Amino acid sequence: MPQKNEGLEVTGLNKTYPGGIRALEDVDLTVEPGLYGLLGPNGAGKSTLMRTLATLQAPDSGTILLDGVDVLADPDYLRRRLGYLPQQIGTYPTVTGRQLLDRFANLKGRTNASERRREVAGLLEQVNLSQDADRAVATYSGGMLRRFGIAIALAGNPRLLIVDEPTSGLDPAERSRFHRVLADIAADNVVLLSTHIVDDVESLCERLSILDQGRIVAEGTPASLAAELEGRLWSRVVPRGEALPEDALHVSAKPTGSLVVIEASSRPDDRWEPQAPRLEDVYHAAIAHGSRRREARVA
């Protein structure tokens, strides 16, 4: 079991941008070594949180500890131990993968040339890019770029790895390959996976938080969060042309109409069937509950 102070500890994090836009509100996170998911819709504050944790911007208040060290007071402590994979990776027309990775490894403190060559070769093998290492990075496919980004983020053997929307735009095969790489990395590191793709978190993460409008609205394991909705979900296919229920948690298209999932304490009528809760249902229910709590506070 990890020691109490091992991992990432975030307490009371707040961030408000000019104009009164409150991006983070009293965010608390405890992330132990392994894969931790941060789910939320676009605009929920995920990227703000990632940038703040990476010390790219300062919060208005709150604390961030990595292995017990206050990284807001000592940002260099985190930066020396951080790997960060943003949504977009810049490329250069003629620079090869090996050359670019070598430059990043040098910047991360690998100044010994022979040690750096060994690390670069090992990272390229880890992300399955050894055969493409001497191609220009600008010629890589989207999936190859994401895997190459992981290699860059892993240069220097970081303690904390932050990945922001890592599988957006990838085909199923590349997505599966990328999942395997992340799972391998998480065996020895703290990995924070920020995404709006529920399946990524359901497939990979032992624990997760759901962020909406800057607040954590749910936290736990996928199984424990789903158990809270057991016996409360109902679904049916609403034929085309029929009005959809206003209280639908989420709707998906079917050949004959729309599959609608709602939350209710008992079956609304005989048309509805029990729905076994999945993380997608948890996600939509948490967002809906958070919206109702905000409306109640305003009222």
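Is it the case, given these coordinates, that residue 174 is among the charged types (D, E, K, R) and either over 25 Å from residue 206 (Cβ atoms) or in a loop (DSSP other than H, G, I, E, B) (or both)? So residue 174 does not fit the description; no. Restricting segment 252-262 to residues that are touching a residue at least 24 places away in the same chain (Cβ under 8 Å) and open to solvent by less than 40 Å² (accessible area, probe 1.4 Å), which is farthest from residue 230 (Cα to Cα)? Among residues in segment 252-262 that are touching a residue at least 24 places away in the same chain (Cβ under 8 Å) and open to solvent by less than 40 Å² (accessible area, probe 1.4 Å), the one farthest from residue 230 (Cα to Cα) is 260. Working carefully through the options 82, 78, find the one that is aliphatic (A, V, I, L, M), buried (at least 16 other Cβ atoms within 10 Å of the Cβ) and in contact with a Pro (Cβ under 8 Å, 6 or more places away or on another chain). Within the list 82, 78, the selection yields 82. Pairing each residue of segment 220-244 that is under 20 Å from residue 260 (Cα atoms) with any residue that is of a type in the set (Phe, Trp, Tyr) and modelled with pLDDT of 95 or more, provided the two are 6+ apart or on different chains, yields C-beta distances under 6 Å for 234/272; 236/272. Considering only residues in segment 237-247 that are assigned to a strand (DSSP E or B) and open to solvent by 30 Å² or more (accessible area, probe 1.4 Å), the one that is farthest from residue 270 (Cα to Cα) turns out to be 239.
Considering each residue of segment 52-61 in turn, at least one proves to be open to solvent by 30 Å² or more (accessible area, probe 1.4 Å), part of a strand (DSSP E or B) and in contact with a Gly (Cβ under 9 Å, 6 or more places away or on another chain).
On inspection, residue 158 passes the criterion of being under 30 Å from residue 113 (Cα atoms), modelled with pLDDT of 85 or more and either among the acidic types (Asp, Glu) or assigned to a loop (DSSP other than H, G, I, E, B) (or both). If the condition is being open to solvent by 30 Å² or more (accessible area, probe 1.4 Å) and either within 23 Å of residue 169 (Cβ to Cβ) or under 23 Å from the mean Cα position of the chain (by Cα) (or both), then segment 117-155 contributes 126, 128, 131, 132, 135, 138, 139, 141, 142, 145.
Scanning segment 147-185 for residues that are of a type in the set (D, E, K, R) and farther than 13 Å from residue 197 by Cβ returns 147, 159, 171, 174, 177, 180, 184. Within the option set 66, 29, 8, being in contact (Cβ under 8 Å) with a residue 60 or more places away in the chain, touching a helix residue (DSSP H, G or I) at 6+ places or on another chain (Cβ under 6 Å) and either of a type outside the set (S, T, N, Q) or crowded, with 21+ Cβ neighbours inside 10 Å (or both) holds for one residue only, 66. Across segment 263-287, which residue is farthest from residue 210 (Cα to Cα) among those that are surrounded by fewer than 16 Cβ atoms within 10 Å (Cβ to Cβ) and acidic (Asp, Glu)? Filtering segment 263-287 for residues that are surrounded by fewer than 16 Cβ atoms within 10 Å (Cβ to Cβ) and acidic (Asp, Glu), the one farthest from residue 210 (Cα to Cα) comes out as 270.
Restricting attention to segment 185-235, and to residues there that are of a type in the set (D, E, K, R) and assigned to a helix (DSSP H, G or I), which single residue is surrounded by the fewest Cβ atoms within 10 Å (Cβ to Cβ)? So the residue we want is 199.
Selection of segment 57-97 for residues being of a type in the set (Phe, Trp, Tyr) and over 20 Å from residue 191 (Cβ atoms) yields only 92. Per this entry, residue 182 is counted among residues that are of a type outside the set (Lys, Arg), touching a residue at least 12 places away in the same chain (Cβ under 8 Å) and not in a loop (DSSP other than H, G, I, E, B). Residue pairs whose Cβ atoms lie under 7 Å apart, separated by 6 or more positions or on different chains, with the first residue in segment 111-136 and closer than 18 Å to residue 149 by Cβ and the second open to solvent by 30 Å² or more (accessible area, probe 1.4 Å) and polar (S, T, N, Q), are 124/130; 136/94.
The values are calculated or read from the model by the stated rules, or taken from the named source; none is laboratory data. For clarity, every value in this text was computed on a predicted model and none was experimentally measured. Backbone-built Cβ (ideal geometry, glycine too); neighbour counts: all protein chains shown. The area values use the complete protein model at the heavy-atom level, side chains included, leaving out ligands, DNA and RNA. Shrake-Rupley method; radii C 1.70, N 1.55, O 1.52, S 1.80 Å.
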